[in-house]
Amino acid sequence: NVSAACPSVLTTNKIEDELEMTTVCHRPEGLEQLEAQTNFTKRELQVLYRGFKNECPSGVVNEETFKQIYAQFFPHGDASMYAHYLFNAFDTAQNGSVKFEDFVMALSILLRGTVHEKLRWTFNLYDINKDGYINKEEMMDIVKAIYDMMGKYTYPVLKEDAPRQHVEVFFQKMDKNKDGVVTLDEFIESCQEVRTKL
């Protein structure tokens, strides 16, 4: 019952308000403002918001709901840890919930952002403790989460030490000054080098 979980002030002279089943606790900023802040049109934002409200009637997503939605895309693996890290990247305010604005701003970057914007966002995903650096432990956690998410469809069948090997290769390529951590500049430089070679 949405109205019980999220009471709203209903006027007695508007029966439509009493019949409204999609009352939300949080309504997004004006679509015009979001249109100016993102790479989506107003019409696209309306469609996105309709889908967001359909999955999250309260207007915000908590981590558990986010995990449940994400798990549907990876039924043969355990996506919970990767979804946890992804949720933290979407939750820019670090308050345990993702509003429509948070969701659509991230989606705008991931779908239509510049290469630089996408790389910054990805760096933030990998920088689990948000200290401005990616260390080997953080990268190990992300890589393990990806393997768990892929489950039995990970190919080829991975050996026990495969995550560690991948992390070592990652750091050999990205840690330019060999200080044991990868900065945003190192991350962007290395990714752009790979992109240039392709």
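The values are calculated or read from the model by the stated rules, or taken from the named source; none is laboratory data. Only a predicted model underlies this, so the values are computations on that prediction, with no experimental measurement involved. Neighbour counts run over all protein chains shown; Cβ positions are idealised from the backbone, glycine included. We work out accessible area using only protein heavy atoms, side chains counted, and drop any ligands, DNA or RNA first. Shrake-Rupley method; radii C 1.70, N 1.55, O 1.52, S 1.80 Å.
Could you please give the count of residues in region 112-134 that are assigned to a loop (DSSP other than H, G, I, E, B) and crowded, with 17+ Cβ neighbours inside 10 Å?
3
So which residues in region 97-111 are open to solvent by less than 40 Å² (accessible area, probe 1.4 Å) and either under 9 Å from the mean Cα position of the chain (by Cα) or not aromatic (Phe, Trp, Tyr) (or both)?
SER97, VAL98, GLU101, ASP102, VAL104, ALA106, LEU107, SER108 - these are the residues of region 97-111 that are open to solvent by less than 40 Å² (accessible area, probe 1.4 Å) and either under 9 Å from the mean Cα position of the chain (by Cα) or not aromatic (Phe, Trp, Tyr) (or both).
Go through region 173-189 residue by residue and tally those that are in a helix (DSSP H, G or I) and either surrounded by fewer than 10 Cβ atoms within 10 Å (Cβ to Cβ) or in contact with a strand residue (DSSP E or B) (Cβ under 6 Å, 6 or more places away or on another chain) (or both).
1
Kindly provide the set of residues from region 64-76 that are of a type in the set (Lys, Arg) and loosely packed, with under 15 Cβ neighbours inside 10 Å, ordered by number.
Matches in region 64-76: none.
Can we say PRO75 is under 30 Å from TYR147 (Cα atoms) and at pLDDT below 90?
The answer is yes for PRO75.
Filter region 65-99 down to residues that are in contact with a strand residue (DSSP E or B) (Cβ under 8 Å, 6 or more places away or on another chain) and among the small types (Gly, Ala, Ser) and give me whichever is farthest from ASP141 (Cα to Cα).
The qualifying residue farthest from ASP141 (Cα to Cα) is SER97.
What are the residues in region 83-117 that are modelled with pLDDT of 95 or more and among the basic types (Lys, Arg), if any?
Within region 83-117, just ARG112 meets the criteria.
Can you name the residue in region 150-172 that is open to solvent by less than 70 Å² (accessible area, probe 1.4 Å), hydrophobic (A, V, I, L, M, F, W, C) and modelled with pLDDT under 90 and is also farthest from THR122 (Cα to Cα) among such residues?
So, considering only residues that are open to solvent by less than 70 Å² (accessible area, probe 1.4 Å), hydrophobic (A, V, I, L, M, F, W, C) and modelled with pLDDT under 90, the one farthest from THR122 (Cα to Cα) is LEU158.
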